[in-house]
Amino acid sequence: AVTVIGIDVMPDKIDALLRKGIEGIQADLNERFPADDGSIDILVASQVIEHVNDTDFFVKEMYRVLRTGGYAIIATPNLAALYNIGFLMLGKQPPVTSVSDIVGAVGNWDQALVGTYGEYVFPRHRRVFTWGSFVGLLEHYGFKCEKKAASGFPPFPWFAADLACRLLPMYAWNMIVRARKPA
């Protein structure tokens, strides 16, 4: 039997899971995960690690709750994305980064990037990674990074972005790593 559990800080996301028949737990991932040591086979953290206050704690918690041989699938924006490099070349703050949780998108063209979601104010990106720093952090805490994938290549349409991600993954918009907790 397979059990799927979603964890999110936002109540409406938990409600959406429940409507799909998936168990949901409302929790703050800046705190100890609501799971026992070694109790999870596969953990997916998509577009999460960049928002937590303490990335070291977050990675250690992923490692703690995974079973030996278990996998973490982690996706996060790429600081070295060609899109971000373009912003920097124009003297602008890349949208994937922020300088303040209060002021919003200072130095950026998109003022709609202020960190609010309904009544919940979520932290902007705390850390933004390059491939080397992303894989390096995971491996520092014991993970074995077995597969890397890239996705998105703005402003290209999906078919061109797919090709660009295969040819130039280091400049893709998102980085995805499959990391295993070794024996």
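Worth a mention:
- Residue tally, condition aliphatic (A, V, I, L, M) and over 27 Å from A149 (Cβ atoms), over the stretch 1-56: 5
- Members of the stretch 77-98 found to be within 13 Å of T130 (Cα to Cα) and of a type in the set (A, V, I, L, M), listed by number: L79, A80, A81, L82, I85, V96
- Yes/no for G107 being at pLDDT below 95 and exposed (fewer than 13 other Cβ atoms within 10 Å of the Cβ): no
- Per-region count, the stretch 18-47, residues open to solvent by 40 Å² or more (accessible area, probe 1.4 Å) and either out of contact with any helix residue (DSSP H, G or I) (no Cβ under 8 Å at 6 or more places or on another chain) or closer than 21 Å to V128 by Cβ (or both): 14
- Restricting attention to the stretch 135-158 and to residues that are closer than 17 Å to L82 by Cβ and not in a strand (DSSP E or B), the residue that is nearest to the chain's Cα centre (by Cα) turns out to be G152.
- Yes/no for N174 being modelled with pLDDT under 95, farther than 22 Å from R64 by Cα and open to solvent by less than 30 Å² (accessible area, probe 1.4 Å): no
The values are calculated or read from the model by the stated rules, or taken from the named source; none is laboratory data. Predicted model only: the values in this text are computed from it and were never measured. All Cβ positions, glycine included, derive from the backbone under ideal geometry; neighbour counts span all protein chains shown. SASA here: full protein model, heavy atoms, side chains in, ligands and nucleic acids out. Shrake-Rupley method; radii C 1.70, N 1.55, O 1.52, S 1.80 Å.
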